[in-house]
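S.K.: Please find one structure pasted underneath; my questions will follow.
What follows is calculated from the coordinates using simple rules that are stated; it is not laboratory data. Computed from a predicted structure; not experimentally measured. Methodologically, a virtual Cβ is constructed for each residue, glycine included, from the backbone with ideal geometry; neighbour enumeration extends over all protein chains shown.
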Amino acid sequence: MFQDKEVKMIWCAKGGNNSNTVFEFLNYETIQQNPKIICGYSDITSITNVITAKTGLVTFSGTNFKTIATDETDYSFQEVIKRFVEGSLEIGRENEEYITLQEGQAEGQLIGGNLNLLHSLVSGKYKLDFKDKILFLEELGIETDPAGVSHFLAHMKQNGVFDQIKGIWIGNYQHESEIALEQIVLDTIGNNYKMPIIKSNNFGHIETKTVIPIGTKAKIDTNKSRKIELIEECVK
């Protein structure tokens, strides 16, 4: 698909559990020489983050193709059209709620996606570079309970991720305990990191999935109503 000149976008059909099994079979030089839009969320964020890390290309966290058929609204589909057809840099919709958990301003390239996947990419052969990045995180509550979330975040902390990043953007997490992802994040990092931390419900395992470009510069400003914005083009 990358070598086919007629293909303009690779839109992943669904997520799963083991996308990391393809890492060693991808030809990153071929991918770099044939830039395409590649988009997906959940398990796909392991592939997209690694492709960005290996090639320097922008990839995208957004709805999977299958989700378009099962969503009850067209929110996620319209976000795909807005980003890839219209070339908009707008994140989400107007009047969406953003919560400030820790005040501040920060600029950096976006990195992130599903917490379950990201925590396993902080070390090893396919280790990601978190230095000066803005980290966005979400998690699926029916698969990962709050203790599991705490485990993942502690692993990232112990490997120096929160010492390197510039800011955190937290997305959706719903668990029957009603313990929030943002609560676990704040419990994990304590008062040791002076960086902006924000929360919204426009990405993750949820109907409202905006398209987030991995590897594109963004800015967090907690003084604004829409607290995060893209500050460079991500689609040509």
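S.K.: For the chain, what relative contact order do you get, as a whole percent, if you take Cα pairs closer than 8 Å and at least 6 residues apart?
M.R.: Reported relative contact order: 25 percent.
S.K.: Among MET9, TYR173, ILE184, pick out the residue whose Cα is farthest towards the positive end of the charge dipole of segment 9-230, where Lys and Arg carry +1 and Asp and Glu carry -1 on C-beta, about the Cα centre.
M.R.: Of the options given, the answer is MET9.
S.K.: Next question. Can you give the charge dipole size of segment 95-216 about its Cα centre, rounded to the nearest 20 debye, using +1 on the beta carbon of Lys and Arg and -1 on the beta carbon of Asp and Glu?
M.R.: Result for segment 95-216 is approximately 620 debye, rounded to the nearest 20.
S.K.: Another one. I'd like the distance separating the alpha-carbon centroids of segment 16-50 and segment 78-130, in whole Å.
M.R.: If we compute the Cα centre of each part, the gap is 17 Å.
S.K.: A further question on this structure: With r defined as the distance between the Cβ atoms of GLN164 and ASN20 and R0 fixed at 22 Å, what FRET efficiency is calculated, to the nearest 0.05?
M.R.: So, using R0 = 22 Å, E works out to roughly 0.50.
S.K.: Using a Förster distance of 30 Å, how high is the FRET efficiency between TYR28 and ILE231, based on the Cβ-Cβ distance and rounded to 0.05?
M.R.: The formula returns an efficiency of 0.65 here.
S.K.: Suppose we keep just the DSSP beta bridges with both residues in segment 9-230; what percent of those would be antiparallel, to 5?
M.R.: 45 percent
S.K.: Sticking to Cα atoms, compute the Rg of segment 1-105 to one decimal and its Dmax as the biggest Cα-Cα distance, whole number, in Å.
M.R.: 15.5, 46
S.K.: What dipole magnitude, in Debye to the nearest 20, does segment 19-139 give about its Cα centre under +1 on Lys/Arg Cβ and -1 on Asp/Glu Cβ?
M.R.: Taking the Cα centre of segment 19-139 as origin, the dipole is about 660 debye.
S.K.: Let me ask something additional. For segment 147-211, run through the trypsin sites (Lys or Arg not before Pro) and keep only the ones in DSSP coil with at most 15 other Cβ atoms within 10 Å of their Cβ.
M.R.: Listed in order of number, the matching sites are LYS194.
S.K.: Still on this model: Relative to the present Cα-Cα distance, how much length would full extension add between LYS194 and GLU176 at 0.36 nm per residue of separation?
M.R.: 3.4 nm
S.K.: Now for a separate question. Straight-line reach from LYS194: which lysines have Cα under 23 Å away, leaving out those fewer than 8 places along the same chain?
M.R.: Here the lysines satisfying the reach criterion relative to LYS194 are LYS131, LYS133, LYS157, LYS166, LYS217, LYS219, LYS224, LYS227.
S.K.: Moving to a separate point now. What are the ³J(HN,Hα) couplings of segment 211-227, residue after residue, when phi is run through the Karplus curve with 6.51, -1.76, 1.60 and θ = phi - 60°? Round to Hz, x for glycine and proline.
M.R.: So the J values, rounded to whole Hz, are 9, 10, x, 7, x, 9, 6, 9, 10, 9, 9, 6, 7, 9, 5, 8, 8.
S.K.: A follow-up question, please. Within segment 144-236, report the GluC sites (Glu not before Pro) that DSSP leaves as loop and that have at most 14 other Cβ atoms within 10 Å.
M.R.: Sparse-neighbourhood loop GluC sites (Glu not before Pro): GLU176, GLU178, GLU232, GLU233.
S.K.: How high is the FRET efficiency from ALA154 to THR100, r the C-beta distance, R0 22 Å, rounded to 0.05?
M.R.: So, using R0 = 22 Å, E works out to roughly 0.40.
S.K.: I need the GluC sites (Glu not before Pro) found in segment 83-115, filtered to DSSP loop residues with at most 16 other beta carbons within 10 Å of theirs.
M.R.: Qualifying residues, ordered by number: GLU86, GLU90, GLU94, GLU96, GLU97, GLU103.
S.K.: Collect residues whose amide H, placed 1.01 Å from N in the peptide plane, falls under 5 Å from the amide H of PHE203; neighbours closer than 5 in sequence don't count.
M.R.: Residues meeting the amide H criterion: ASN172, THR210.
S.K.: What's the magnitude of the charge dipole for the chain around its Cα centre, counting Lys and Arg as +1 and Asp and Glu as -1 at the beta-carbon? Answer in Debye, nearest 20.
M.R.: 800 debye
S.K.: Figure the gain on full extension for ALA13 and SER120 (residue separation times 0.36 nm, minus the Cα-Cα span) and round it to one decimal in nm.
M.R.: Value of the extension gain: 36.2 nm.
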